[in-house]
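I have placed the structure first, in the form of structure tokens, so that the comments after it can refer back to it.
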């Protein structure tokens, strides 16, 4: 775990530096917009997606410098989705990572715009990354657009999730929601690292399988935390799923059944890693850490 | 004008066909999301930005087939911005182009997501446009991201506009708002057509000057229409600017002074065209049509 902690701290430093470089300073007009973006981007996110870009990229021999812009861009996409998900018309959340959500702090209009423009910046960062060939930048933009868009990506998943509130989803429907809403971007993070490292199509497929299990594992542990943790530990409002009548894994399988599901997903993710003839120790540790996280 | 009408009808047919091809059908899950996107994209927009991509592109000798995906992508960006601008937290509009706005028809959450994902699709369409070289796709993505983003683009302009409501903006501030909010994307449309046609940097500069005047002209006539036309002719709520205490050109210069400003902008735009040693008759006609529009 010491290696993992060192690695995560290093990724955080690199990606935060890149985000700081690519997001206009808070004293640039319109200042409220840039303050709002920075409020949400530097709110203490766990940087799991950047860590995956970098850990997979390194497993395939990519240099850090070739990975950091893509890592920052994917974190921008993730942050835009959180800002919009928290809006009153969506999940209506007041707290995120222990601080006020963007719209609570800066107003709804600015939060909408901050999310909008973070998405724009994400694509711009990749388009301008002259450490990667134009062909590779195009491939990564297309990959991330699919993963964050519709009909198989993040926004489609968010729409399915909203449309499913208040009714009992089947296991298949719930898995579909999560694969799209959370899993797709996590998979894109891992796959973009593999692409930058020059992985073959077969290798990218195995990476995708690993990351898809990991994404579902992340959601399953998220649902578990919502029912088992206090708001204070979690840094966001606990027990919200029950209040909003959202379908959850504990709701379908109970807490114990959900723990068993998490263990199975972790095992499957590690099996997919074994297919890669690479040093994937760091990736296994990331999977273990996600399975064992407490916030 | 017969030539212009034929050209505009042709652009509309081509761009609508491309939009229909690239936006998931309304029977694809999540259906409400795709219905909402199509509701706004096919609401009878004037397709001015696609027309500029194509008219400038043709002036530089580009084939229609090389222009239509970029034209569709820029229309997607424009439509996403309209959907979000109409939201209750922003301009709170019920009508757009004579029909219910997206959030009035499909609810606020879906309207937010429809706008979000139209932006994603726009970048995806350009990234996947294999009729253009990867280098050119990257340049166009970067151009459009700058024009629609911050600190010089559309979202920054929208934020400045919101922050300026209820107080009297100076002429410089108002022009700044409009150059960013409307002008930047119009300029990007024209410049992307020039890039696809292989224009030199100097030529692209002249195109940018033309399109910037055109963008301001568009906004000036928009403000004029808001005070001089009825809601029915306009297809959106008339007189809204006065109600929201927005700074407008008629508010600053009066109706007659604003008409003079429009005439000056039209003349300047045509001067910029003269710098190009190209057949720009179609572009002059577009500028004339914008100056003389009644909705």
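Summary of computed values
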| read-out | value |
| --- | --- |
| Nearest-first distances (nm) between copies at residue A:198, label 7 Å from Cα via Cβ | 3.4 |
| Three-way shape call for region B:91-236 based on the alpha-carbon gyration tensor, with the a/c threshold at 1.5 | oblate |
| Pseudo-label separations to other copies for residue B:107 - Cα-to-Cβ vector, 7 Å, nm | 2.7 |
| Three semi-axes of the equivalent ellipsoid, region A:2-290, Cα gyration tensor, whole Å, largest first | 27, 26, 17 |
| Rel. contact order, % - alpha carbon contacts under 8 angstrom, at least six apart, chain B | 20 |
| Likely footprinting exposure, B:46, B:181, fewest C-beta neighbours within 10 Å first | B:46, B:181 |
| Pseudo-label separations to other copies for residue A:9 - Cα-to-Cβ vector, 7 Å, nm | 7.0 |
| Dimensions in Å of the protein assembly as shown - Rg and Dmax from alpha carbons | 24.3, 75 |
| Over chain A: helical MRE at 222 nm, DSSP H runs n ≥ 4 each giving -39500 (n - 2.57), nearest 500 | -23000 deg cm²/dmol |
| Cα centroid of region B:251-295 to Cα centroid of region B:5-52, whole Å | 27 |
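Each value in this text was obtained by applying a stated rule to the coordinates, not by laboratory testing. Since this is a predicted model, take the numbers as computed values, not measurements. Quick reminder, even Gly has a Cβ in these numbers, built from the backbone with ideal geometry, and neighbours come from all protein chains shown.
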